[in-house]
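The values are calculated or read from the model by the stated rules, or taken from the named source; none is laboratory data. Keep in mind it's a predicted model, so treat the numbers as computed, not measured. Please note: Cβ atoms are built from the backbone with ideal geometry, for glycine as well, and neighbour counts cover all protein chains shown. Accessible surface areas use protein heavy atoms only, side chains included; no ligands, DNA or RNA. Shrake-Rupley method; radii C 1.70, N 1.55, O 1.52, S 1.80 Å.
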Amino acid sequence: MDRRSFLRTSALGGSAAAAASLATPALSQGKRVLTMVTSWPRGFAVLDDAASYFENAVNTMSDGQLTIEKKAPGELVGALEVFDAVSSGQADLYHSADYYYLGQHPAYAYFTAVPFGATAQELTNWYLHGGGHELHNELGEIFNLKSFLAGNSGSQSGGWFRQEINSAQDLNGLKFRMPGLGGKVLGKLGASVQNIPGGELYQALSSGALDGLEWVGPFADERAGFQEVAKVYYTAGFHEPGSGLAAGMNLDVYNSLSPAHQSIIAHAAQATTHYNLSEALSNNGAALARLRSQGVKTLQFSDDVWDSFGAASKEVMDENMDDPLFAKVRESFEASLASTSAWIQQSDGYYVNQRNRVLGA
């Protein structure tokens, strides 16, 4: 039995036992209480903001009949243990970034971000109108999950470094934090890549356990305080051009909800994505100016470095094509990207270039 078949058999074979032992959502006079475990420490800009918005949206839209209780990392399970906790029934739903769970299945990368992939708008186009949500659920069924996009932080920065990156050779041996397939790309370029939870990053960078890291963007990065321990900041990155966040719900719990409550979950997730993206984009510019005022040097990678990112990214993406579901998700994703990006480039993209030229922005 290959690894994928084993995962599917194990997950589905255990679902009956999980259902029997499932911590059923609390019931009180017809009210349902759902426990949501998250990957974000309380107060983390953009990421915990999305989880809190989703929590409050569900609570308000249901008029208190369906209530989410949010748990930060360590309050029930660790930051990167939320997927397994919900799959097994230890918790009812999670809020996280699904590319943390490539060990469960590499196709999960597409529901956060892939190297040289979709912008936030392009990701939403595919998810809502190109079959992405259906594929997210097809993947989730292997693990007894119902899945939703529930947030987007927009294009993420290239990262924080102690020294400038003047060539791809400068990445060799660098101890760098980058999750997802982007991390595998850096690994091909010689970096020592680590996936460390957000709450541990400041200490890892300040102690020298990391030479550099990527997190989100100026607004979230400033809140995390990385400018206190590193001063070189690359503002554009290849790895996450539009980073989706996810709410994954135990499938047995989801199926036990009324159609009205299921609809509330879905619409709260969509509202969270819209709100979260606008929050990040509306705050990043001012935050970047504050970072520069604190002595942070903002740079862009050279074309040669971008070319190295591109060559390594193709290798990483092709390595997973022997998995039929990964290939199916990739084909759907890339077809949507080709279809929608052509119009965006000829409309919005052209307009922005002309606006900047005419107004001198």
- Item | Check on residue 289, surrounded by fewer than 17 Cβ atoms within 10 Å (Cβ to Cβ), more than 22 Å from residue 153 (Cβ to Cβ), without any contact (Cβ under 8 Å) to a residue 40 or more places away in the chain and of a type outside the set (D, E, K, R) | no
- Message: For the range 320-350, give me each residue that is without any contact (Cβ under 8 Å) to a residue 24 or more places away in the chain and charged (D, E, K, R).
- Response: 322, 331, 334, 348
- Do we find that residue 101 is within 19 Å of residue 323 (Cα to Cα), free of Cβ contacts under 8 Å to residues at least 40 places away in the same chain, among the aromatic types (Phe, Trp, Tyr) and touching a helix residue (DSSP H, G or I) at 6+ places or on another chain (Cβ under 8 Å) in this structure? yes
- For residue 206, the lone unmet condition from (1) among the hydroxyl-bearing types (Ser, Thr, Tyr); (2) within 24 Å of residue 329 (Cβ to Cβ); (3) open to solvent by 10 Å² or more (accessible area, probe 1.4 Å) is (2)
- Task: Give the range 96-125 a look and list any residue that's hydroxyl-bearing (Ser, Thr, Tyr), over 22 Å from residue 264 (Cα atoms) and open to solvent by 30 Å² or more (accessible area, probe 1.4 Å), or say none.
- Result: 100, 119
- Does residue 12 satisfy being modelled with pLDDT under 95, part of a helix (DSSP H, G or I) and open to solvent by 30 Å² or more (accessible area, probe 1.4 Å)? yes
- Note on the structure: For the range 33-52, the count of residues that are surrounded by fewer than 20 Cβ atoms within 10 Å (Cβ to Cβ) and not in a loop (DSSP other than H, G, I, E, B) equals 2
- Note on the structure: Checked 245, 281, 210, 277 against criteria (in contact with a helix residue (DSSP H, G or I) (Cβ under 7 Å, 6 or more places away or on another chain) and either over 30 Å from residue 162 (Cβ atoms) or assigned to a helix (DSSP H, G or I) (or both)); the one match is 277
- Which of the residues belonging to the range 27-75 are more than 28 Å from residue 216 (Cβ to Cβ), aliphatic (A, V, I, L, M) and modelled with pLDDT of 95 or more? 33, 66
- Only one of 128, 93, 80, 149 that is surrounded by fewer than 20 Cβ atoms within 10 Å (Cβ to Cβ) and closer than 17 Å to residue 47 by Cα: 80
